[in-house]
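Scroll down for the structure; my scribbles are underneath it.
The values are calculated or read from the model by the stated rules, or taken from the named source; none is laboratory data. Just so you know, these numbers come straight off a predicted model, no measurement behind them. Here Cβ is always computed from backbone atoms with ideal geometry, including for glycine, and neighbour counts include all displayed protein chains.
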Amino acid sequence: MSEFASGTLSAKNIHLSFGSNHVLRGIDLHVEKGTTASVIGPSGSGKSTLLRVMNRLIEPDQGDILLDGRSVLKDNPDELRRRIGMVFQQFNLFPHKTVAENISLALRKLRGMSKDEARDEALAQLDLVGLKHKADARPANLSGGQQQRVAIARALAMKPEVMFFDEATSALDPELVKGVLALMTDLAQGGMTMVVVTHEMGFSRNVSDIVTFMDAGVVVESGPPEKLFTDPQTERLQGFLSDVL
Amino acid sequence: MDILNQLADTFFDWEAMGQVIPKMFAIGLPNTLILAVISGIIGTAIGMLLALMGISRNAAARWIARIYTDILRGLPPVLTILVIGFGFGPVIRELTGSTSPYPMAIAALSLMSGAYIGEIFRSGIQSVDKGQLEATRALGFSYGSSMRLVVVPQGIRRVLPALVNQFIALIKESSLVFMLGLLATEREIFQIGKDAAANSGNLSPYVAAAIFYLALTIPLTHFVNWIDARMRAGRPEKKEPDEAAAVVGKGAQA
């Protein structure tokens, strides 16, 4: 039973070029409601760009994006992004606002909550990530791991149907990675639909329901983690796994 | 000794100074402050508009801001003040019946400082990390709201020292409005010193004017250094180990 109002997300035949640089060359990705898809691959393979296309921070040149089976390309992109939470490698908290204000800003301005309602909701979300006592601190006074958990709380406060994680632990000191991964694991087990771009092979293997290996703007291989990690079919994935494992 | 006495008489004639200082307090200082503060406020509004036009996605807006900024930053202040004061003064006189060049002086100072302040704001806004805009948009804010609520406020905070420097420049440049021939009650510090020096043939009133300017600008300069240092050092940091991290939630405990 899911704790979240999760949705099913599909990207179909996504193409994107920056000038002559063909970054995404016909990507398909399907994430069933309540499951976690991880996307792995070398740097520059287009993984992070794919996330930004799927929540329309970048518009695709070609292809379709479906949420619960319905194309979202004609919707207002701002409204689409309210349904998809995103967590970044560099946290991107707002440094001029307190931790609680980081979370309440969107609740007040986009969800129309009053100041008190938004603060209560922000505190509730902070409690879930174990940081209620930091509500009135500034992001700069938090460790990287704490900042990332605030960023996750900020995204969750919008009650998203899907969560994107863009290398959420890559900027963290090794000892702080564990706490953020534990939180992501909780979300996955709680039934959130997640797309996780990651270099954490342990997370990809143990938590995700499906793993997609991308290289040079195409999906090279995709399947359940036990299959991809133990029996890679392509030379490119074999080479990648021997480099990172 | 003769030379020293002569210089002392020229620059430090206490009697000449004593005569001009009350007038500087009563008329000069308020006028200098009015000119600088009002032009500073209008210039800040113009500057914000220019900065937003300068980073706009609309090419026409960017060009207008660029041309305006290039021209007003490229002209000597005295030329701008004369052209605007004498050029537009008669038009205003016909429209409003006012013969005072005072509004023209404020307009010229505002238009000039707006060009500089626009560049200050623009560089501040553009120095904000791109991730801030991206994160705000990812929450579902429009481009305009993201800029207004998150990016622009951070950009402004960063350029506060430069803004105060611009205000210091404005205090000094306000002395140039004497070129427009202000009425007796509208004269600022410099012109009162200049008039007194011309009447007495002694330069001490200029020294008095200098002291007035320095009393305004030196504290401001140190104020700039203080905010600058504070912003560089940041607020006192109090980082804690991520002790709670490992025990958050059920996944970690399972």
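Worth a mention:
- Test: residue in the range B:95-102 that is within 19 Å of the chain's Cα centre (by Cα), modelled with pLDDT under 95 and surrounded by 13 or more Cβ atoms within 10 Å (Cβ to Cβ): yes
- Hey, A:Gln125 among the polar types (S, T, N, Q), in a loop (DSSP other than H, G, I, E, B) and more than 8 Å from every other protein chain (Cβ to nearest Cβ) or not: no
- B:Ser174 vs. criteria modelled with pLDDT of 95 or more and not basic (Lys, Arg): yes
Each row is one residue, and each column tells you yes or no for (1) of a type in the set (Gly, Ala, Ser); (2) without any contact (Cβ under 8 Å) to a residue 24 or more places away in the chain; (3) more than 10 Å from chain B (Cβ to nearest Cβ).
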site	(1), (2), (3)
A:Pro77	no, yes, no
A:Met86	no, no, no
A:Pro95	no, no, no
A:Lys134	no, no, no
A:Glu161	no, no, yes
A:Thr169	no, no, yes
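- Out of A:Ser48, A:Ser20, one residue alone is under 15 Å from the mean Cα position of the chain (by Cα), of a type in the set (Ser, Thr, Tyr) and either within 15 Å of B:Ala135 (Cβ to Cβ) or surrounded by fewer than 18 Cβ atoms within 10 Å (Cβ to Cβ) (or both). It is A:Ser48.
- Taking the range A:181-199 as the range and being under 22 Å from A:Arg52 (Cα atoms) and crowded, with 21+ Cβ neighbours inside 10 Å as the test, the residues that pass are A:Leu181, A:Met184, A:Leu187, A:Ala188, A:Met192, A:Thr193, A:Met194, A:Val195, A:Val196, A:Val197, A:Thr198.
- The requirement of being within 14 Å of chain A (Cβ to nearest Cβ), touching a Leu at 6+ places or on another chain (Cβ under 8 Å) and among the polar types (S, T, N, Q) is fulfilled nowhere in the range B:182-192; no residue meets it.
- Across the range A:143-159, the qualifying residues are those that are part of a loop (DSSP other than H, G, I, E, B) and at the interface with chain B (Cβ under 7 Å from one of its Cβ atoms), and the one among them that is farthest from A:Thr98 (Cα to Cα) is A:Met158.
- Residue list for the range B:75-95, filter: in a helix (DSSP H, G or I), without any contact (Cβ under 8 Å) to a residue 40 or more places away in the chain and of a type outside the set (Phe, Trp, Tyr): B:Leu79, B:Thr80, B:Val83, B:Ile84, B:Gly87, B:Pro90, B:Val91, B:Ile92, B:Arg93, B:Glu94, B:Leu95
- One residue stands out among those in the range A:1-17 that are surrounded by fewer than 17 Cβ atoms within 10 Å (Cβ to Cβ) and not hydrophobic (A, V, I, L, M, F, W, C): the one that is modelled with the lowest pLDDT, which is A:Ser2.
- Of A:Gly44, A:Gly63, all but one fail to be at positive phi and touching a Lys or Arg at 6+ places or on another chain (Cβ under 7 Å); the exception is A:Gly63.
- Residue satisfying all of: in the range B:141-191; buried (at least 21 other Cβ atoms within 10 Å of the Cβ) and part of a loop (DSSP other than H, G, I, E, B); nearest to the chain's Cα centre (by Cα) among these: B:Val159
- Cβ-Cβ under 7 Å pairs, at least 6 apart or on other chains, the range B:51-74 side of a type in the set (Phe, Trp, Tyr), far side modelled with pLDDT of 95 or more and part of a helix (DSSP H, G or I): B:Tyr68/B:Leu50; B:Tyr68/B:Ala115
- Members of the range B:49-65 that are assigned to a helix (DSSP H, G or I) and among the hydrophobic types (A, V, I, L, M, F, W, C): B:Leu49, B:Leu50, B:Ala51, B:Leu52, B:Met53, B:Ala59, B:Ala60, B:Ala61, B:Trp63, B:Ile64, B:Ala65
- Residues of the range A:97-110 that turn out to be more than 8 Å from chain B (Cβ to nearest Cβ), of a type outside the set (S, T, N, Q) and not in a loop (DSSP other than H, G, I, E, B), as a count: 6
- Residue count for the range A:172-202 under the criterion of being closer than 19 Å to A:Gln90 by Cβ and either within 11 Å of chain B (Cβ to nearest Cβ) or in contact with a Cys (Cβ under 7 Å, 6 or more places away or on another chain) (or both): the result is 10.
- Cβ-Cβ contacts under 9 Å between residues 6 or more apart (or on different chains), taken from a first residue in the range B:129-156 that is more than 9 Å from chain A (Cβ to nearest Cβ) and over 23 Å from A:Met54 (Cβ atoms) to a second residue that is among the basic types (Lys, Arg) and surrounded by 22 or more Cβ atoms within 10 Å (Cβ to Cβ), are listed as B:Gly155/B:Arg122.
- Only residues that are touching a helix residue (DSSP H, G or I) at 6+ places or on another chain (Cβ under 7 Å) and either of a type in the set (Phe, Trp, Tyr) or within 16 Å of B:Leu170 (Cβ to Cβ) (or both) were counted across the range B:58-82, and they come to 7.
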